[in-house]
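Below is one structure, written out as structure tokens; comments come after it.
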Amino acid sequence: MGKCTFNLAWLDDDEMKRWLKPVANNKYQAFCTLCKKTLEFASLGLKALHSHAKSERHQLSVKGLQRVQAITQFCSPSLPGSSSSCDSGCPTPATSSRPSTSSATGTFGSTSTLKAEVLWVLNTVTKHQSYRGNEDISELFQTMFPDSDIAKTFTCGKDKTSYIARFGLAEFIKQDLVSKVTGPYVIMFQASVERGFSVNKEVETDNMHEETMVAHRLVCDYVDLHGGVTKVPLTKELLVSVGAARSRYRVFLDQQRARKEGEARTQKRKLAEDYLTDLKKKRTTVQEVCTCLTTEADKLAEEAEGKSGSKMAQLLSKSNALRRASKDKMTELKKVEEEITIKAEELRYM
């Protein structure tokens, strides 16, 4: 009996086409885009796919996909000659089909360069490319296009790509979306769907923060809404938002730095409090030892009074030894109390 191979007709199924993808260079495997799992069906064929579709993990992913709505379900792209409105029929401020970008030029320098950087970031995000892949890209473009004025001023490395996507484009898209939706609404991002931004779950967890994933989802939906990267309208509002991305990024870094410093102070104070608690416990223990040694020494001294000769000498010797030990402990207790006073004073100013 021969092995089953991937059948392109499976992609015509209304349910399977949402999650089933062929695996390159392996006709005996398929890939579930919701579960991020490679499926083997060489022996069971279509039954293996149906079995996976009934699994608990897949069902949860499907339910999550049904609960999450893309931006395209809230609004539609503006068409030349028509006013922009959301699907619910809410009006939006009247604007021309191609808003002017002249004011962005005076604020951020070359609008052409800014547009080029925006397009490059849109392409990077929608193709799910690594930000690190944009390192030294400006030098490469200047070498490739020495006569281009845009290439000479193009600077879109790893950090700039990141903050333009998250603090420029995503911020503009959120504001644009909110302005077009009326009435109560909730925007949710379901984890099983957001895994689509990374082939490997561990890579996603380690390399992509939640806010970055949300920004990617917004940008990808916005590009899909307009039919592709080159069809996204680079309006004045969008360019202004992108131009302000660096300032938002710096504010974000300051907030992160303040948060980390606050956490460090809290941790330092907790360690100091724990140390102070240990010192107080040590003081109590030493006090108890001192009391026991003194009591025992007194008992031996009293017992020695009723004895004579060598027996009395032995009892007095033991009593004196205990008193010397008690004296040492009292010295230790004094040092502990001094340290407690110092640490308590330090803790007051933390």
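Quick note: the coordinates plus some simple rules give every number you see, no bench work behind them. Since this is a predicted model, take the numbers as computed values, not measurements. Cβ sites come from the backbone with ideal geometry, for glycine too, and all protein chains shown count toward neighbours.
The table below gives the values:
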{"item": "Anisotropy class of region 212-317 from Cα gyration tensor, a/c 1.5 cut", "result": "prolate"}
{"item": "Reach of residue 327 by Cα under 16 Å, taken over aspartates and glutamates that are not fewer than 8 positions away in the same chain", "result": "288, 296, 298, 337"}
{"item": "Extended-chain gain in nm, criterion 0.36 nm per residue less alpha-carbon gap, residue 334 and residue 320", "result": "2.9 nm"}
{"item": "Listed residue pairs exceeding 28 Å between alpha carbons, taken from 54/174; 270/335; 27/54; 281/307; 37/180", "result": "54/174; 281/307; 37/180"}
{"item": "Neighbour-count order for 281, 343, 180, fewest beta carbons within 10 angstrom listed first", "result": "281, 343, 180"}
{"item": "Cα centroid separation - region 10-68 against region 311-350, whole Å", "result": "74"}
{"item": "Contour minus Cα-Cα distance for residue 307 and residue 48 (0.36 nm per residue)", "result": "83.5 nm"}
{"item": "Column: log10 I(q)/I(0), Debye, Cα scatterers of region 8-67, q = 0.12, 0.15, 0.30 Å⁻¹", "result": "-0.26, -0.40, -1.50"}
{"item": "Footprinting exposure proxy for 28, 222 (fewest neighbouring C-beta atoms within 10 Å first)", "result": "28, 222"}
{"item": "Given 160/236; 282/343; 299/334; 63/127; 21/47, the pairs whose alpha carbons are separated by over 18 Å", "result": "160/236; 299/334; 63/127"}
{"item": "Proximal aspartates and glutamates relative to residue 3, as straight alpha-carbon distance under 13 Å, when same-chain residues fewer than 8 apart are discounted", "result": "40"}
{"item": "Alpha-carbon spread of region 264-348, three principal axes, descending order, Å", "result": "66, 14, 13"}
{"item": "For region 8-67: relative contact order, % (alpha-carbon pairs under 8 angstrom, 6 or more apart)", "result": "19"}
{"item": "Residues residue 28 and residue 56, FRET efficiency given R0 of 25 Å [Cβ-Cβ distance, rounded to 0.05]", "result": "0.50"}
{"item": "Distance in nm between pseudo-label sites at residue 327 and residue 282 (7 Å out along the Cβ direction from Cα)", "result": "2.3"}
